1. Looking for something over 21 Å from Gly229 (Cα atoms), in a helix (DSSP H, G or I) and more than 14 Å from the ligand (Cβ to nearest atom) - is there at least one such residue anywhere in the stretch 14-22?
2. When both residues are 6+ apart or on different chains and their Cβ atoms are under 6 Å apart, which pairs have a first residue that lies in the stretch 218-234 and is touching a residue at least 12 places away in the same chain (Cβ under 8 Å), and a second that is more than 8 Å from the ligand (Cβ to nearest atom) and of a type in the set (Asp, Glu)?
3. Show the residue pairs meeting these rules: Cβ distance below 7 Å; 6+ apart or different chains; first residue within the stretch 13-28 and under 14 Å from Ala250 (Cβ atoms); second residue of a type outside the set (D, E, K, R) and not in a helix (DSSP H, G or I).
4. Being out of contact with any Lys or Arg (no Cβ under 7 Å at 6 or more places or on another chain), among the aliphatic types (A, V, I, L, M) and touching a residue at least 60 places away in the same chain (Cβ under 8 Å): is that true of Ile138 here?
5. Mind checking which residues of the stretch 94-120 are over 26 Å from Ser325 (Cβ atoms) and away from the ligand (no atom under 13 Å from the Cβ)?
6. Please give the number of the condition Ala327 fails out of (1) among the hydrophobic types (A, V, I, L, M, F, W, C); (2) at pLDDT below 95; (3) away from the ligand (no atom under 16 Å from the Cβ).
7. Go through the stretch 316-345 residue by residue and tally those that are of a type in the set (A, V, I, L, M) and either in contact with a Pro (Cβ under 8 Å, 6 or more places away or on another chain) or within 18 Å of Lys32 (Cα to Cα) (or both).
Amino acid sequence: MQTTQERGLWSSKLGFVLAAAGSAVGLGNIWKFPSEVADNGGAAFLVVYILCCFIVGFPVMVAELAIGRKTRRNPVGAFKVLSGGKGPWFLIGGWGILCGIFILSFYLVVAGWTLSFVVAEIAKMFGAEALYTTLSTISPGVKTAIFTVLFMVGTVGIVLGGVAAGIERATKTLMPALIGMLLVMIGFVLTRDGAMTGLTEYLKPDLGDLNTTVIFSAMAQAFFSLSLGMGALITYGSYLDEKESIPEAAALVTTADFSIAFLAGLLIMPAMYVAQGAGIEIINPDTGALINSDTLVFAVLPQLFDAMGGLIGVIFGFAFFVLLSMAALTSTISLLEVPVSFGIDELKLERRKSTLLFGILIGAIAVVVSFNFSLIGHFDLIFNQIGLPLGGFMICIFLAYVWTLRGAFTEMESGYPGVATSTFGKVWSVFVRFICPLLILLVFITTVWTALGL
Ligand code: TRP
């Protein structure tokens with residue numbers, strides 16, 4: 001086994017929180033969350049989502065970090081070590097890595113779209129919009145594939161360098177900039193006609209909107225947005241210093257991620273109705289459903305930047321898409337780091353080889369997705385919506401009944417003295433043993449039940 005020194009460590013406590021928050025905050029917050037809200041009854045979804053983040057997500061995050069730091073391994077290795085090499089437990093990690101590979105393959109496509117908007121804004125600045133539009137309409141598939149591959153090249157470049165100080169540094173400036181930008185844009189959108197309809201939809205819960213699909217989607221969204229269920233935070237936890245308090249770090253990351261998603265909702269929900277009022281078709285007038293949730297944000301935001309007018313709008317659009325691309329980059333890095341660390345620890349590859357191997361493999365799948373957008377929905381359902389909560393369920397069961405609470409508390413003790421007898425420790429132990437796995441199971445059972453029409 002490598003020593004901690006060889007594996008690398010985050011440079012400081014803030015460094016870890018920044019890297020983990022960088023992983024969590026991404027397209028999940030700004031692209032996926034608002035579409036899920038709009039798709040699933042607005043405020044009713046928001047309420048269930050908050051509960052899922054803090055009641056299920058936070059305890060699972062603590063579990064992942066503790067497993068990672070204890071074993072200093074990739075997900076497969078971590079479960080192997082803790083189960084003494086016995087039984088099929090390592091498969092939890094294997095499933096996680098598989099989910100990560102497919103999630104990254106469609107995530108890259110959306111990240112590529114984001115990047116293409118950066119280029120579109122640059123084209124506007126130089127008055128070359130018509131040229132850009134013509135070029136990009138010749139073959140949308142090729143255009144998407146090019147930006148997707150560019151994004152993967154950037155991701156591979158950073159992961160090649162190892163646990164990069166770069167991730168920490170990028171996130172430190174990125175996060176406040178993103179929050180500032182969101183706040184300004186929220187301020188602007190709320191002055192527009194139609195905004196209040198969206199705001200009410202977002203913040204005024206109507207419990208009649210609640211159903212099993214809403215709950216299932218909210219749970220899945222919490223796992224996706226917090227980067228949970230596939231071992232990304234086992235991997236990041238494996239670079240975490242002994243002295244750090246795991247519960248505290250997890251609480252900070254959960255809160256930061258939730259806050260940014262909440263702000264994105266405050267922007268997109270009103271913007272959706274403003275855009276609708278301006279003649280952009282977003283909601284199907286007959287069914288009241290979203291016409292295309294994958295492209296919602298990309299339809300709504302450019303309209304908003306145009307409404308800001310002239311150069312200001314273009315500069316805003318440019319800055320926003322740059323920030324979003326960077327937020328996506330700190331997330332793709334964490335997704336790629338999981339299979340790469342598996343390659344290093346288990347397949348005994350050098351970092352360079354492992355990164356190139358998985359980079360090319362996932363890049364190739366992403367290119368296929370670029371030409372077949374409908375794959376996004378399928379991959380999302382299997383590897384995200386089902387895969388991640390399933391992974392979270394197994395992580396809880398494994399921690400509670402194989403590794404045992406005593407093991408987890410001993411690991412957390414170094415950064416949080418007295419954790420086992422603290423209020424946090426008592427509450428967490430009930431959640432990780434019973435409440436989290438039961439809630440996940442319940443959501444799955446009722447969803448299947450409803451889907452089968454029983
Ligand atoms: N959480 C990121 C987002 O919201 C995406 C992400 C990064 C992720 N790493 C992950 C999702 C691991 C699931 C698992 O954009």
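The values are calculated or read from the model by the stated rules, or taken from the named source; none is laboratory data. These figures come from a predicted structure and were not determined experimentally. Cβ placement follows ideal geometry from the backbone for every residue including glycine, while neighbour counts extend to all protein chains displayed.
1. Yes, the conditions are met somewhere in the stretch 14-22.
2. Gln221/Glu36; Leu233/Glu64; Ile234/Glu64
3. Phe16/Trp10; Phe16/Leu240; Ala19/Trp10; Ser23/Ser227; Ala24/Leu226; Ala24/Ser227
4. Judged against the criteria, Ile138 is not a match.
5. Gly94
6. (3)
7. From the stretch 316-345, those of a type in the set (A, V, I, L, M) are 319, 322-324, 326-329, 333, 335-336, 338, 340, 344; that's our starting set.
Okay, now just the ones that are also either in contact with a Pro (Cβ under 8 Å, 6 or more places away or on another chain) or within 18 Å of Lys32 (Cα to Cα) (or both), so 322-324, 326-329, 335, 338.
Count: 9.
Table: residues versus (1) more than 16 Å from the ligand (Cβ to nearest atom); (2) modelled with pLDDT of 95 or more; (3) within 24 Å of Asp294 (Cα to Cα); (4) out of contact with any Lys or Arg (no Cβ under 7 Å at 6 or more places or on another chain).
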residue	(1), (2), (3), (4)
Thr173	yes, no, no, yes
Met181	yes, no, yes, yes
Leu203	yes, yes, yes, yes
Asp206	yes, no, no, yes
Ala220	no, yes, yes, yes
Ser227	no, yes, yes, yes
Val253	no, yes, no, yes
Asp257	no, yes, yes, yes
Leu263	no, yes, yes, yes
